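Q: A single structure is presented below for examination.
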Amino acid sequence: MPLIQETELKKQISQANFAPLYVLYGQEKYVLNQAAKQLIQKAAGQDFLEFNLNEFNSQASIDKIADAAEALPLMAERKCVVVADWNPDEKNTTEVKKLHELLENLSDSTVLIFYFPTVDVGAKNPAKWKNFLKKATEKGTVIEFKPRDSAELIKRVMREAEKRNCSFTKQNAECLVEYTGSDLKALMNEVDKLCAFANENEITRTMIEQLVTKSTETTVFLLADALVGGNYEKAYKLMHQLVDGGEQPVAVLAALSSAYVDMMRVKAAVQSGLNFSAPAEYGEYRGREFRLRKAERNAKALPIEVLRESLLILLDTDIALKSSKMEAPILMDALIAKLLLCTKGEKAS
């Protein structure tokens, strides 16, 4: 059975037309968890759940999972065996071999579901994960839940607000997505908060500015805006807000470097006669397309030579943070000064 799309999974759930095996994974955990819940409820049914629904965590042995999967349902068409976050990356060769044997001998009366509500699989041992995924694709159904693009997130925000008798303008919904990022769980938490505050009225930009918790990435992009605009006061304020708020200077520097890399990519694309969105082919921008739009606006104000010099300044600071005895706050303040001077076309000493 092949990899399928989320729409096909919804169809299978609604028709109760189940495969013997499901693997649900991906970066978009909010939708993944919703889909897993619906699949488990429908596959397990409502009768004798103590016998017909078996749930295991990441520490369960394959022997126990196999015993449950091979047992017959009690007075029901099928039973459902659910395994959460059982990561092949972290298992020994014997356990992985037993897992593959289990997948080779799936019972017709069992729906076996592996899903990953918190774990991002494939990071530690990609080979084990790829082998598991290949076997699962041969024997069952695999669904990857990918990050949503910005347009889809904006529609989702507006739709969820309507369900709560509130409303967003498209522009304000876009602002919320930019501030919160592409994580749907975080985004829905902000929608709930804003709707509770708006009390069945329109959600305004003022409410968003006052109530929404800006992600580190968003704050760094605001910092990049301030640097490009030559706004000394705002740039230092945002940098201190990040560092004083507990963000590691190395992480802040990495995020700021990404913003400048975005600008360089967009600038190079536009100067080559391409659309500003062309760099999406070379980086992970799904759900973060606003990064390229911001980069386009900011890059217009800077010659490509200034962007090159800025990237060198960022690189030098990265090396200094990791090797110098100088305190990180001093290095970060110096970074802001150098980038601001570079923006004005002046050489930093």
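Q: Scanning for something in contact with a Pro (Cβ under 9 Å, 6 or more places away or on another chain), among the hydrophobic types (A, V, I, L, M, F, W, C) and closer than 17 Å to Leu311 by Cβ, does segment 268-281 turn up at least one residue? Give the steps one after another, and end with the answer.
A: From segment 268-281, those in contact with a Pro (Cβ under 9 Å, 6 or more places away or on another chain) are 268-269; that's our starting set.
Subset that is among the hydrophobic types (A, V, I, L, M, F, W, C): 268-269.
Checking which are closer than 17 Å to Leu311 by Cβ leaves us with 268-269.
The answer is yes, given that some residue of segment 268-281 is in contact with a Pro (Cβ under 9 Å, 6 or more places away or on another chain), among the hydrophobic types (A, V, I, L, M, F, W, C) and closer than 17 Å to Leu311 by Cβ.
Q: Since Ala68 meets every condition but one in (1) more than 20 Å from Val119 (Cβ to Cβ); (2) in contact with a helix residue (DSSP H, G or I) (Cβ under 8 Å, 6 or more places away or on another chain); (3) buried (at least 17 other Cβ atoms within 10 Å of the Cβ), which condition does it not meet?
A: Checking Ala68 against (1) more than 20 Å from Val119 (Cβ to Cβ); (2) in contact with a helix residue (DSSP H, G or I) (Cβ under 8 Å, 6 or more places away or on another chain); (3) buried (at least 17 other Cβ atoms within 10 Å of the Cβ), the one that fails is (2).
Q: Follow-up. Within segment 186-204, track down each residue that is more than 23 Å from the chain's Cα centre (by Cα), of a type in the set (A, V, I, L, M) and in a helix (DSSP H, G or I). Step through it out loud before you land on a result.
A: Initial filter on segment 186-204 (more than 23 Å from the chain's Cα centre (by Cα)): 195-204.
Checking the rest, the ones that are also of a type in the set (A, V, I, L, M) come to 196, 198, 203.
If the condition is that a residue be more than 23 Å from the chain's Cα centre (by Cα), of a type in the set (A, V, I, L, M) and in a helix (DSSP H, G or I), then Ala196, Ala198 are the ones that fit.
Q: Looking at segment 129-182 only, could you name the residues that are under 21 Å from Thr118 (Cα atoms) and free of Cβ contacts under 8 Å to residues at least 12 places away in the same chain?
A: Matches in segment 129-182: Lys130 only.
Q: Further question on the same structure: Suppose we filter Thr213, Thr206 for residues that are touching a residue at least 24 places away in the same chain (Cβ under 8 Å), farther than 12 Å from Leu153 by Cα and loosely packed, with under 14 Cβ neighbours inside 10 Å; which single one remains?
A: Thr213
For (1) crowded, with 17+ Cβ neighbours inside 10 Å; (2) free of Cβ contacts under 8 Å to residues at least 12 places away in the same chain; (3) within 30 Å of Glu327 (Cα to Cα); (4) not hydrophobic (A, V, I, L, M, F, W, C), each residue gets a yes or a no:
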| position | (1), (2), (3), (4) |
| --- | --- |
| Val250 | no, no, yes, no |
| Ala255 | yes, no, yes, no |
| Ala259 | yes, no, yes, no |
| Val266 | yes, no, no, no |
| Ala269 | yes, yes, no, no |
| Ser272 | no, yes, no, yes |
| Asn275 | no, yes, no, yes |
| Pro279 | yes, no, no, yes |
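Q: From the set of residues in segment 173-211 that are in contact with a helix residue (DSSP H, G or I) (Cβ under 8 Å, 6 or more places away or on another chain) and of a type in the set (Asp, Glu), which is nearest to Gly26 (Cα to Cα)?
A: Asp183
Q: Check segment 210-221 and report whether any residue there is modelled with pLDDT of 90 or more, assigned to a helix (DSSP H, G or I) and not basic (Lys, Arg). Working first, answer last.
A: Looking only at segment 210-221, we keep the residues that are modelled with pLDDT of 90 or more, and these are 210-212.
Subset that is assigned to a helix (DSSP H, G or I): 210-211.
From what's left, not basic (Lys, Arg): 210-211.
Checked segment 210-221: at least one residue is modelled with pLDDT of 90 or more, assigned to a helix (DSSP H, G or I) and not basic (Lys, Arg).
Q: What residue, of Leu292, Leu315, is of a type outside the set (Ser, Thr, Tyr), farther than 26 Å from Ser150 by Cβ and part of a helix (DSSP H, G or I)?
A: Leu315
Q: Tally up the residues in segment 296-349 that are over 26 Å from Gly246 (Cβ atoms), free of Cβ contacts under 8 Å to residues at least 24 places away in the same chain and of a type in the set (A, V, I, L, M, F, W, C), please.
A: Counting residues in segment 296-349 that are over 26 Å from Gly246 (Cβ atoms), free of Cβ contacts under 8 Å to residues at least 24 places away in the same chain and of a type in the set (A, V, I, L, M, F, W, C) gives 2.
Q: Still on this structure, I have one more. Which numbered condition in (1) without any contact (Cβ under 8 Å) to a residue 60 or more places away in the chain; (2) under 18 Å from Leu39 (Cβ atoms); (3) surrounded by 20 or more Cβ atoms within 10 Å (Cβ to Cβ) is the only one that Thr110 fails?
A: Unmet for Thr110, out of (1) without any contact (Cβ under 8 Å) to a residue 60 or more places away in the chain; (2) under 18 Å from Leu39 (Cβ atoms); (3) surrounded by 20 or more Cβ atoms within 10 Å (Cβ to Cβ): (1).
Q: From the list Leu187, Leu223, Leu194, which residue is buried (at least 18 other Cβ atoms within 10 Å of the Cβ), in contact with a Gly (Cβ under 8 Å, 6 or more places away or on another chain) and among the aliphatic types (A, V, I, L, M)?
A: None of the others qualify; the one that does is Leu187.
The values are calculated or read from the model by the stated rules, or taken from the named source; none is laboratory data. For clarity, every value in this text was computed on a predicted model and none was experimentally measured. Note that each Cβ is placed from the backbone with ideal geometry, even for glycine, and that neighbours are counted across all protein chains shown.
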